[in-house]
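Chemist: My questions will all concern the structure given below.
The values are calculated or read from the model by the stated rules, or taken from the named source; none is laboratory data. The shown structure was predicted, so the numbers you read here are calculated from the model rather than taken from an experiment. So basically every Cβ, Gly included, is an ideal-geometry build from the backbone, and we count neighbours across all protein chains shown. SASA here: full protein model, heavy atoms, side chains in, ligands and nucleic acids out. Shrake-Rupley method; radii C 1.70, N 1.55, O 1.52, S 1.80 Å.
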Amino acid sequence: MAPRTLFDKIWDSHVVETLPDSTAILYIDRHLVHEVTSPQAFEGLRLSGRRLRHPDATIAVVDHNVPTSDRTQPIEEADSRNQIETLERNVKEFGVPYFPLLSARQGIVHVVGPEQGISLPGMTIVCGDSHTSTHGALGALAFGIGTSEVEHVMATQTILQKPAKNMKVVVEGQVGPGVTAKDIMLAIIGHIGTAGGTGHVIEFAGSAIRELDMAGRMTICNMSIEAGARAGLVAPDETTFEYVRGRPFAPKGEAFDAAVAYWKTLASDEGAHYDRVVELRAEDITPVLTWGTSPETVIPVTGNVADPASEADPSRRAQMQRMLDYMGLEAGQKIAGTPVDVVFIGSCTNSRIEDLRAAASIAAGRRVAHGVRAMIVPGSGIVKAQAEEEGLDKVFVEAGFEWREAGCSMCLGMNPDRLTPGQRCASTSNRNFEGRQGPGGRTHLLSPAMAAAAAVTGTLTDVRELI
Amino acid sequence: MDKFTVLTAIAAPLPEENIDTDKIIPARFLKTTKRSGLGVHAFDGMRYRPDGTENPDFVLNREPYRKAEILITYDNLGCGSSREHAPWALLDFGIRCVIAPSFADIFNNNCFKNGILPIALPREVCTELMDDARQGANSRLTVDLARQVIIRPDGREVPFDVDPLRRQLLLEGLDDIGQTLQHEKAITTFEQRRAQAQPWIPHIVLD
């Protein structure tokens, strides 16, 4: 057999049948469900009298529109409450396992899946959410789908898809101080652009990727979608196996050993073909952030925002100017020193215990700058409990940060955590689109350490000055 | 799903790149449990001013584009979130066909699932079609899916590619779940074979 990539191997092992035009009926191992993109799918099943084929391969959580404040209070927003109650009726009717709001295991779906051992290497994993690519960090083929596809998976446990092209992004070398997985991924997106990965699955490789812990790999794979890719992957290795071992839903004992033996066969073969290869040197990557309203507008924190005068194409030039106007920035200005109103540390990109530790190491012994609202939103109840056991909550609270409950929070402005028009936010989330964090809100994407640095200085700051 | 066969309609030019699904339908409007009714919020941030009144500069607020059924943009239309609310909002507004140099993958899928035809054409061709669209109400484009051509107002034809299986589903207005379930025996066989080969794959059962 010709040498195959990690993607090829997972794909081949899940093809139920190939239809005449090369579309595959692809088997799905795990279906993650949340309150926002599932109601119409459940309704579709009900109307057509279809059953949900595998409740035991499905898990539901509430995360997108839940408040991250006091959980003992009823949910105030009526439409959010309705969506959550609708999910609760649906999981009951169709027998889907569910972590409700008050469960210790509740959290952001892409934090919960790996944390519980529900997402495992070699699997196909889907969810009605584009950041499903996160689970690719385990060496699983994981991608976001629309609600019609959610219904398709519920009814058939499969999806119709054509094979993706293979792309490899190699980051060799060792990153410098203050440079994290988030900086690596933003640098990659800045390099290849938000459509750079369209039609491809990106395998991340090279020593700088292999040295990352699982949280870092999840940050990288999470933002594959911001590079336009269908999914991101990291080959499973000892770091992966140690992460999975002992997780509540992971195989145990001999079953675990059998699984590991299989997972070890998944790495790409020597000589496997990639349609595109991109190489970056870890030493060239510095702490970075975005200045505009597209995730590809990445600059070093020591750099200057773009100047539309340098763009020849008139429609592109106009669009750049519109970004500057929206963001309240001047062409060519230095980005460091720009005052921020809000700091958001959380989201499926950066809300794991390792992210909170990184932020706490900068926050410790310092104070949130006057007039800045700084929020810490753990990715799950389990992450929150772990952080409290380590005393991180005290570090944050003493420094003047808000210590909140788990959820998507200010990543997407569909729960009470939102920016108000004109507010500038240093955010560890994944998208800086216009209005993403609330209408008129201005988002700068950066790492948890950089976000903490912005909180304590009150401006966009090079974290290396605080290490 | 409505069939898509031949569409003769007003096309709206929106010459921007990377129009994301948050722009097509902001997250605060996703708290619905229905597919319909989102058209009024399509492109909310561009279409309305902060006081809620219409922004007269936005193309879909101008005649004849209020009745547009075709939308033409630049690269990477529909990037970002997987929300199917984006094509639902477009459809509810009246859009049945989107034309751009490229589409984000999930948005592209979501369009087909809702009877919206996405057509990828080179940037120069999109620019020419935008110029056609700017000629006003009598300057309609015809999209003929069976023949895979766009007929410009002057009669010239622009051929386009479309996935054959998806083309068939659109032409017939078919639900693909029913089609996949015709292969249920193969799915069951796959499950049995896999349970033997990889018995360690856990079932998710809560206590």
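Chemist: With +1 on each Lys and Arg Cβ and -1 on each Asp and Glu Cβ, how big is the dipole of chain A about its Cα centre, in debye rounded to the nearest 20?
Modeler: 360
Chemist: Same structure, new question: Going down the table (B:31/B:113; A:92/B:185; B:23/B:113; A:162/A:252), which pairs top 24 Å between alpha carbons?
Modeler: Correct reply: A:92/B:185; A:162/A:252.
Chemist: Would you mind calculating the relative contact order of chain A from Cα pairs under 8 angstrom and at least 6 residues apart, reporting the percent as a whole number?
Modeler: Rounded, it is 18 percent for chain A.
Chemist: Using Cα-only point scatterers and the Debye equation, what is log10 of I(q)/I(0) for region A:290-465 at each q in 0.11, 0.12, 0.16 Å⁻¹, rounded to two decimals?
Modeler: Taking Cα atoms of region A:290-465 as identical point scatterers yields -0.43, -0.51, -0.87.
Chemist: Under 5 Å between amide H atoms, partner at least 5 residues away or on a different chain: which partners does residue B:119 have, H built in plane at 1.01 Å?
Modeler: So residue B:119 has HN proximity to B:98, B:99, B:100.
Chemist: In addition: What does the average come to when, for each residue of peptide B:180-192, you count the partner chain Cβ atoms lying within 10 Å of its Cβ?
Modeler: Working: counts 11, 6, 0, 6, 5, 1, 5, 8, 3, 2, 8, 5, 0.
Taking the mean over all residues of the peptide, I get 5.
Chemist: Return, for the Cα atoms of region A:108-170, the radius of gyration and Dmax in Å, separated by a comma.
Modeler: Calculated on Cα positions, Rg and Dmax stand at 12.1, 38 Å.
Chemist: Distance between the C-alpha centers of region A:159-237 and region B:100-163? Whole Å please.
Modeler: Cα centroid of region A:159-237 versus Cα centroid of region B:100-163: 32 Å apart.
Chemist: Let me ask something additional. If R₀ is 35 angstrom, what is the calculated FRET efficiency for the pair residue A:336 and residue A:398, using the beta carbon separation as r and rounding to 0.05?
Modeler: 0.85
Chemist: Moving on. Determine the sum of side-chain charges near residue B:54: Lys and Arg each +1, Asp and Glu each -1, restricted to other residues whose C-beta is under 13 angstrom from that of residue B:54.
Modeler: 0
Chemist: Using 0.36 nm per residue, how much length does the chain from residue A:284 to residue A:325 gain when fully extended, once their Cα-Cα distance is taken away?
Modeler: 11.7 nm
Chemist: Here is a follow-up. Among B:130-137, A:403-410, how do they line up from the highest to the lowest mean number of other beta-carbon atoms within 10 Å?
Modeler: For the peptides B:130-137, A:403-410, the packing ranking is A:403-410, B:130-137.
Chemist: Another question, then. If you take all C-alpha pairs in chain B, what percent of them are over 29 Å apart?
Modeler: In whole percent, the long-distance tail amounts to 32.
Chemist: Please work out the Cα center distance from region A:344-419 to region A:254-301, rounded to the nearest Å.
Modeler: Rounded to whole Å, the Cα centres lie 26 Å apart.
Chemist: Let me ask something else. Give the percent of DSSP beta bridges with both residues in chain A that are antiparallel, rounded to the nearest 5. Display every interim value, and only then the final one.
Modeler: Details: 14 of 54 bridges.
Antiparallel: roughly 25 percent of the beta bridges in chain A.
Chemist: Mind checking the log10 I(q)/I(0) for the protein assembly as shown at q = 0.05, 0.09 Å⁻¹? Debye, one equal scatterer per Cα, no solvent, two decimals.
Modeler: -0.21, -0.72
Chemist: Can you give me the C-alpha center-to-center distance between region A:101-144 and region A:49-78, rounded to a whole angstrom?
Modeler: After rounding, the separation between the Cα centres reads 15 Å.
Chemist: Under a plain spin-label model, where a point goes 7 Å from the Cα along Cα-to-Cβ, how far apart in nm are residue B:156 and residue B:172?
Modeler: 3.7
Chemist: Compute the FRET efficiency between residue A:252 and residue A:50 as 1/(1 + (r/R0)^6), taking r as their Cβ-Cβ distance and R0 = 35 Å, and round to the nearest 0.05.
Modeler: So the FRET efficiency works out to roughly 0.55.
Chemist: Also, quick follow-up: When the Karplus curve 6.51 cos²θ - 1.76 cosθ + 1.60 is applied with θ = phi - 60°, which whole-Hz ³J(HN,Hα) does each residue of region A:294-299 get, with x for Gly and Pro?
Modeler: 9, x, 7, 7, 9, 9
Chemist: To the nearest 0.05, what FRET efficiency results for residue B:5 and residue A:21 with a Förster distance of 25 Å applied to their C-beta separation?
Modeler: 0.80
Chemist: Does region A:28-187 come out rounded, prolate or oblate by the C-alpha gyration tensor, with a ≥ b ≥ c the root eigenvalues, rounded set by a/c under 1.5 and, if not, prolate when a/b is larger than b/c and oblate if not?
Modeler: oblate
Chemist: Continuing with the same structure: Can you pull the mean other chain C-beta count within 10 Å for peptide B:13-21?
Modeler: Per residue, the average neighbour count from other chains is 5.
Chemist: List the residues of region A:406-434 for which accessible area in the full set of protein chains is at least 10 Å² lower than for the chain on its own; 1.4 Å probe, protein heavy atoms only.
Modeler: A:412, A:413, A:414, A:418, A:431, A:433, A:434
Chemist: Treating the beta-carbon of each Lys and Arg as +1 and of each Asp and Glu as -1, no other charges, what is the dipole magnitude of region B:18-147 about its Cα centre, to the nearest 20 debye?
Modeler: Using only the charged Cβ atoms, the result is roughly 480 debye.
Chemist: In whole Hz, with x marking every Gly and Pro, tabulate ³J(HN,Hα) for region A:427-433 from phi via Karplus 6.51 cos²θ - 1.76 cosθ + 1.60, θ = phi - 60°.
Modeler: Values, residue by residue: 10, 8, 7, 10, 9, 10, 4 Hz.
Chemist: Right, next: Taking amide H positions as placed 1.01 Å from N in the peptide plane, with prolines and chain starts having none, which residues 5 or more places from residue A:144, or on another chain, fall under 5 Å of its amide H?
Modeler: Residues meeting the amide H criterion: A:132, A:133.
Chemist: Would you mind giving the mean number of other chain beta-carbons within 10 Å of the Cβ of each residue in B:74-80, as a whole number? Could you put the intermediate results ahead of the total?
Modeler: On the way: counts 4, 5, 8, 1, 0, 11, 11.
Rounded to a whole number, the mean comes out at 6.
Chemist: Which helices, counted as full DSSP H runs in chain A, have an axial Cα extent of no less than 30 Å and a Kyte-Doolittle average of -1.0 or above?
Modeler: For chain A, where a helix must reach 30 Å along its axis and average at least -1.0, there are no hits.
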